[in-house]
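Below: the structure, in structure tokens.
The values are calculated or read from the model by the stated rules, or taken from the named source; none is laboratory data. Keep in mind that what you see is a predicted model, and the values were worked out from it rather than measured. When we count neighbours, we look across all protein chains shown, and the Cβ atoms used for this are built from the backbone with ideal geometry, even at glycine. Side chains included, ligands, DNA and RNA excluded: accessible areas come from the protein's heavy atoms. Shrake-Rupley method; radii C 1.70, N 1.55, O 1.52, S 1.80 Å.
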Amino acid sequence: MTDHVAFLALGLGNGAVYAALGLALVMTFKSSGVVNFATGAVALYAAYTYAFARQGELLNPIPGLPARIDLGGKLGVGPALILSVVIASLLGVLLYLIVFRPMRSAPVLAKAVASIGLMLVIQALLALRVGVDTPTVGAIFKPDVIEIGDAAVPTDRIWLAAVIVGLAVCAGLVLRYTRFGMATEASAESEKGALLTGLSPDRIAVSNWALSSGTAAIGGVVIAPIVPLNPVAYSMFIVPALAAALVG
């Protein structure tokens, strides 16, 4: 029994990230009807942004321009995390406005295909801009271990899970008890009904895409010290995240 608890604790890191991405998937689907397969790629972009910001550089994914921009000094954990979340949120808003807003009345399958295309584009751009220069990410939480039976379990897994659980609780409270959450539910049920009551489905969708991309960014950043940065691996996090969203 002790061994099972130890393995459960060891799996909290990856499981928490799957939960964060699943939460992000639910946010975008409830607001715009899109199963965003690019969520893992957004998390990857945020993780790379965080890693380079810690080294004093800003990753620039736009081809033809310098791959990295000097920030004038290394950023701490907090500023680098905030920068990554803000950039990922802006990316989510751009994806919605440029790609998914014009496809608002398109079939669900077409939206899914578009999101898969975006996933491949973001993944390819990052691989092109970063190349083999994969930065290492230092520990975010204080390195320590706890003994569970004969196994030594790093405490960063537990802290990571606690952060994601707190994030999920906050998101649940916002969606259930705030005007924004009720507006999101109303828009998801009926866009025409939301418009008749004075709500703007577009504003609601933009807000949810920003929040979902920010949530994915947090998941990508906190897992970066545990799972080495890899475009393919991070993008494939979407598969277990879909299972987590389905269970949720």
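What the table shows:
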item: Rel. contact order, % - alpha carbon contacts under 8 angstrom, at least six apart, the chain; result: 42 percent
item: Net length gained if the chain between D70 and Q55 were fully extended (0.36 nm per residue, minus Cα distance); result: 4.5 nm
item: Close Lys-Lys pairs in the chain, where close means Cα under 22 Å and separation is 8 or more or interchain; result: 4
item: Calculated FRET efficiency for the pair V86/T136, C-beta based, R₀ 25 Å, to 0.05; result: 0.60
item: Long-range HN-HN contacts of N60 with modeled amide H, under 5 Å; result: R68, I69
item: Protection-proxy order for peptides 236-246, 16-26, each taking the mean of Cβ atoms within 10 Å per residue, highest first; result: 16-26, 236-246
item: Residue-normalised accessible area of the chain, expressed per residue, 1.4 Å probe, Å²; result: 49 Å²
item: Residue-span extension gain [L97 to L246] - 0.36 nm each, minus C-alpha spacing; result: 51.0 nm
item: Global form of the range 43-184, assessed from the alpha-carbon gyration tensor, a/c cut-off 1.5; result: oblate
item: Estimated dipole of the range 23-135 in Debye, rounded to 20 [Cβ of Lys and Arg +1, of Asp and Glu -1, Cα centre]; result: 300 debye
item: Protection-proxy order for peptides 32-40, 86-94, each taking the mean of Cβ atoms within 10 Å per residue, highest first; result: 32-40, 86-94
item: Carbon + sulfur, % of accessible area of the chain - ligands and nucleic acids excluded, 1.4 Å; result: 70 percent
item: Residue-span extension gain [A112 to R179] - 0.36 nm each, minus C-alpha spacing; result: 21.2 nm
